[in-house]
């Protein structure tokens, strides 16, 4: 099993001047500790479930480009890109650029978007949820077409591209991995089965049922369920004990999960990473 680090707290000692150095140091420490992936949020306002909306929030892809220059091996992604935030043709170019400058370490994490407040505040259209899922499927199709080298047009209900030129192409082969976040049984998990290399779920009491739903979608789509990486999200803080975390990770592993994205909910993430590198990652690496 693998651990990935999700960086989500930008309210740090030292204020804005500390953000760049702390982000770099945290990503480097995550890489050195053995974390497989480094992710950030794709938001413009801080999530209100976590902190006040006016708390600091960094733009995700700009931040990952910075992190790419500070690391060498760790996979880089947003957890997850909202489909409404960027035109799909531009999103494909953004992720391609991250993949190229990082030496082939980009992943596209994507979902249907949900944070209406930040859309309304900054003047970004926020369509009804049914339309957002339609746009999500078209975005997946456009990204895959652009990453295939096909330069022809794309004609969808919401997006029409005259020429899907994408030069340079990503270094990742056959393309940057695609992760779809969310556990919606009728739409999200169907899109996972049809298009994605990985899913990301919350470890709720229904998570085993969600996996059964995904398996059924894979059967209908003619997709190998085993080929889709199953990942989950969780959180740790300065008080988290290794034994407590290992117990939770063992439960996820037994369900078939191969990676867990941990958000460190502490203003000083490095001591938590030291604990993970010393007491958790060596234990789970053989699972």
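Coordinate-derived values only; no laboratory data. Please read all numbers here as calculations on a predicted model, not as lab measurements. When we count neighbours, we look across all protein chains shown, and the Cβ atoms used for this are built from the backbone with ideal geometry, even at glycine.
For the peptides 80-86, 14-20, 233-239, what is the packing order when you average, over each peptide's residues, the other Cβ atoms within 10 Å and list the highest mean first? Present the calculation step by step, with values, prior to reporting the outcome.
Details: 80-86: 21.9, 14-20: 11.7, 233-239: 15.0.
In decreasing order of mean packing, 80-86, 14-20, 233-239 become 80-86, 233-239, 14-20.
Please give the contour-minus-distance gain from residue 255 to residue 120: 0.36 nm per residue of separation, less the Cα-Cα distance, rounded to one decimal in nm.
Working: separation 135, 0.36 × 135 = 48.60 nm, distance 3.90 nm.
Full extension from residue 255 to residue 120 adds 44.7 nm.
The calculated 222 nm mean residue ellipticity attributable to helices in the chain amounts to -12500 deg cm²/dmol, summing -39500 (n - 2.57) over DSSP H runs of n ≥ 4 and dividing by all residues.
Tell me, rounded to the nearest percent, the portion of alpha carbon pairs in the stretch 215-271 spaced more than 17 Å apart. Present the calculation step by step, with values, prior to reporting the outcome.
Details: 821 of 1596 pairs.
When every Cα pair of the stretch 215-271 is considered, 51 percent fall beyond 17 Å.
The alpha carbons of the stretch 83-177 give a radius of gyration and a Dmax of 13.8, 38 Å, in that order.
Distance between the C-alpha centers of the stretch 1-77 and the stretch 86-163? Whole Å please. When both Cα centres are located, 22 Å separates them.
The spread of Cα positions in the stretch 1-139, taken along each principal axis and listed from longest to shortest, comes to 42, 33, 27 Å. Across the stretch 39-112 the C-alpha pair distances fall into 10 Å bins from zero in the proportions 20, 51, 26, 4 percent. Going by neighbour counts of Cβ atoms within 10 Å, the residues 12, 136 line up, fewest first, as 12, 136. Taking other C-beta atoms within 10 angstrom as a stand-in for reagent exposure, 254, 197 fall in the order 254, 197, fewest first.
Fewest first, what order do 279, 224 take by the number of other Cβ atoms within 10 Å?
Working: 279 14, 224 9.
Fewest-to-most ranking of 279, 224: 224, 279.
Counting only Cα atoms, the chain measures 51, 44, 35 Å along its principal axes, largest extent leading.
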